[in-house]
Amino acid sequence: MRFYELQIIMASTKKLKTWKLLWQLISYKPKLYLIDSCFWIFVMGLPALPGLIIREFFNTITNKANFGLSPLALIALLLALSLGHIVVILVGRITKTQHRFITKSLLQHNLLDRLFKNPIAQPTLVNQETATTVSQGEIISYFRDDTQQIEDYIAWISEVIAQSIFAIFSVVILLKINVQMTLFVFVPLVGIMVIIKRAETRIRKYRQVSRQATEKVTGILGEIFGSVQAIKVAGAENNVLDYFDNLNDQRRQRMIQDSLFNSLLNSSFQNMVNLGTGIILLLASQLMQSGVGQLTVGDFALFVYNLSFVTGFFNFFGGFIAFYKHTELSFERMADLLSGASADTLVVPNQLYLKDLNGRKKDLPPIEQPLKNQSNSLQYLKVSHLTYHYPGTNQGITDISLEIQRGTLTVITGQVGSGKTTLLRVLLGLLPLQNGCIYWNGHLIEDPASFFVPPRSAYTPQIPQLFSYTLRENILLGLSKNETDIATALNMAVFEQDLATMDESLETLVGSKGVRLSGGQIQRVAAARTFVRQPELLVFDDLSSALDVETELALWSRIFVNSTEQEQNHWQPTCLVVSHRPAVLRRADQIIIMEAGKVQSHGSFEQIFTH
């Protein structure tokens, strides 16, 4: 098979895939889309009627009328049809706006849902030879620009269907008036298709680079807003602003390039249409002067009127095909962000909790933690030959094996960059393991990311994430717990004295990223968030790094000293932590020392530090 034939087959497959995704979006709310399409057919149908009235008007003033209506009566009919057209457009906008919003919401919902389920902690583009991480700021362009592109194209589909129906209807009328002139109507369509075919590569290229430039701008904005203090402390405001200006200038050039090329395409389509119209008008004038075909003034007026529907459809169809290339690119970009998952994930039907037509907001379902059962109870956790290396590097962990018993404290320690955090992330499924196995009570865990969640496990990272909500909301995150459970969790986190100094208690707003709290308070609120869920396995990444010695000792004592009372409540926590603190190391049942991504030694405090 020749190479260009293979290219054609691959391109055709991609088109079919894109149309399949579009069809799935349309069929999500088929009744709403059908109503919207019917409205557009009606919207296009009303302007088709004035052509008959215009022909009758010109035939009346040339004494060749068929119905005998006065010119004023015909004008009144035109005005009535115009008013009806306006009313239909306004009513149709209601369903169109609703369907557009639902389509975009479904795409955004599914993309966000997939990112939450992503086994890789940081979103990564997987269509490149070297994996490229995408910042939170850059992801905004996917949720905003690419979903908007697909939403617009779905709206265009109903419009192009309506226009094509009445373009065919108009062609039938034109054929009845004069066949010879009608054949010239299709000349612009041939030219438009040739232009689209020749410009296909550049359409995708210019839109791709403009999207990438927008990503960089939104990405640096997110980083600037998230690092204001660091920038001010370093005195780097001018350098950051200069870099931001440079990115904006690049984006301006790419956007202008994309917009200019699209304008040139649209201008070419319009000029092709105008050229065809000019040829047809010249032919019509020849026919009227020669008397061939008995073309009356009314027939000519009707021909010109319906000609606008056909030529307008050709112009619209050219833009529709170019717009398809942009939509295809948007699907590909969003699919690249799914880390290997099928693009069908983007269009899977899901429940959207939106306002209904009466403006009533649908209640979100309550978040209920799965009930504990015997299978969730941890007796021992075994890790065998766990391996993960970051893409394009030798950094990571290699051949890690360990075993953790119920109710024990296991501490991982080692120098910076030795792989401690990586080990925790791979174990919990936040990074995909490349080799090795994980066993929970002897049962192989196939999908760690979905397995290590409450009530089995809860994880507090090295830098906990708080939100601009109240303390209560940051601790619960939608979970239903009573005041006693919250108080118990705060007490275990040694936060009761801090809470007593806050005027609004649990309703205190913590600010963006917990800015109103100290580093130690942020860590203890994150710990309370973990404790309130009472998981079998507690995983902490250097939890006490911002705590003073007294608070740290109190926190670990409250976790383990009352183990008898906790067992009576059917909760005996097992802890896996990263720490360098001597107090934690002395309390540990097992210490694992890591170096260069491997286990250097392991054992109890006495075994390791007394030899």
Taking a threshold of 21 Å on the Cα-Cα distance, which of the pairs K31/K96; K104/K325; K216/K513 fall above it? K216/K513
For K598, list the aspartates and glutamates whose Cα falls under 17 Å from its own Cα; do not include residues on the same chain fewer than 8 positions away. D399, E403
Can you give the percent of C-alpha pairs in segment 458-508 whose distance is more than 17 Å? 38 percent
With DSSP loop assignment and no more than 12 other C-beta atoms within 10 Å, the GluC sites (Glu not before Pro) in segment 442-490 are E446
Label-to-label distance, nm, for residues given as A341 and E473 (7 Å Cα→Cβ offset): 2.6 nm
For segment 380-609 the mean separation of alpha carbon contacts under 8 Å (6+ apart) over residue count, i.e. relative contact order in percent, is 29 percent
Roughly how many Å is it from the Cα centre of segment 430-454 to that of segment 319-333, as a whole number? 39 Å
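Find the Cα radius of gyration of segment 177-288, compare it with 2.2 N^0.38 Å by division, and give the number to two decimals.
In units of the 2.2 N^0.38 Å rule of thumb, it is 1.85.
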Rg ratio (alpha-carbon, reference 2.2 N^0.38 Å) - segment 509-555: 1.20
Pairs beyond 23 Å (Cα-Cα), from K17/K205; K382/K420; K117/K481: K117/K481
Starting from the Kirkwood Rh over alpha-carbon pairs, what translational D in µm² s⁻¹ does segment 380-609 have by Stokes-Einstein at 37 °C and 0.692 mPa s? 180 µm²/s
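Kindly state, to the nearest 0.05, the FRET efficiency for F451 paired with D152, given R0 = 51 Å and r defined as their beta-carbon distance.
That gives a FRET efficiency of 0.80.
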Excluding same-chain residues fewer than 8 positions from K176, which aspartates and glutamates have a Cα within less than 19 Å of its Cα? E56, D299
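Read-outs: derived from the displayed coordinates by stated rules, not from any lab. Because the structure is a prediction, the values reported are computed rather than measured. For neighbour counting, all protein chains shown are included, and Cβ atoms are generated from backbone atoms with ideal geometry for every residue, glycine included.
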